[in-house]
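Laboratory data are not the source of any read-out in this text; all were calculated from the coordinates shown. Since this is a predicted model, take the numbers as computed values, not measurements. Heads up, the Cβs are rebuilt from the backbone with ideal geometry, glycines too, and the neighbour counts pull from every protein chain shown.
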Amino acid sequence: MTIPVEVVDQEVVNDNDEQCFQGLSWSSRIQGYVLFTALGFFSSFMGWVSLGIGYYWKYSVLSTLGSLMSLASTFILMGPRAQLNYMFDEYRRTSSLLYISSLIITWIVAIAYKSALLCSLCGLLQYGCLIWYSLSYVPYGQEAVSGFIARLIFSR
């Protein structure tokens, strides 16, 4: 038994004339994505090192910069307008706002309170929000994780 499959050539990236990355090839976009993601991870790692030695403002700057570079990597991959449309569509709006809020809270806590414990907690909150935001791109990802956590909590 054979199943007929119709292959439709779809445009992977939603570029239009107003996009700033429309001239980049798919290979160049992948390279930019990998580069910015690696820089984001490195910056975040250096932020945690700074927190460990007591430089709270460096932690906030490096950690937030790392998160923004990782987010910028998706702008390069998909195009800024397409990524913003995905970030703030009805399904992802809450996750996106939580993630952006966690970036701002981390910055404020590191600058205003200068507490290693609070900075660490805000950093963990920031990464938790990033994971939750990322799960919004996995079909039923948030539902699966929230169901798993609910079973862990209420299994007694």
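Annotations
- Here region 26-154 is treated with +1 on each Lys and Arg Cβ and -1 on each Asp and Glu Cβ, and its dipole about the Cα centre works out to around 160 debye.
- Note on region 73-115 and region 126-156: Cα centroid distance 18 Å, given to the nearest whole angstrom.
- Rel. contact order, % - alpha carbon contacts under 8 angstrom, at least six apart, region 9-156: 23
- Translational D in µm²/s for the chain (Stokes-Einstein at 10 °C, 1.306 mPa s, Kirkwood Rh from C-alpha pairs): 90
- Against the chain, whose longest principal axis is taken from its Cα atoms, helix 141-154 shows a tilt of about 50°.
- Couplings 3J(HN,Hα) for region 113-120, derived from phi with the Karplus relation 6.51 cos²θ - 1.76 cosθ + 1.60 (θ = phi - 60°), are 9, 6, 10, 4, 5, 5, 5, 5 Hz, where x marks Gly and Pro.
- Longest to shortest principal axis, alpha-carbon extents of region 49-124, angstrom: 39, 22, 16
- Helix axis angle, 56-78 relative to the chain longest principal axis, alpha carbon, degrees: 0
- Inter-site label distance for Ala150 and Lys114 at 7 Å from Cα along Cβ, in nm: 4.5
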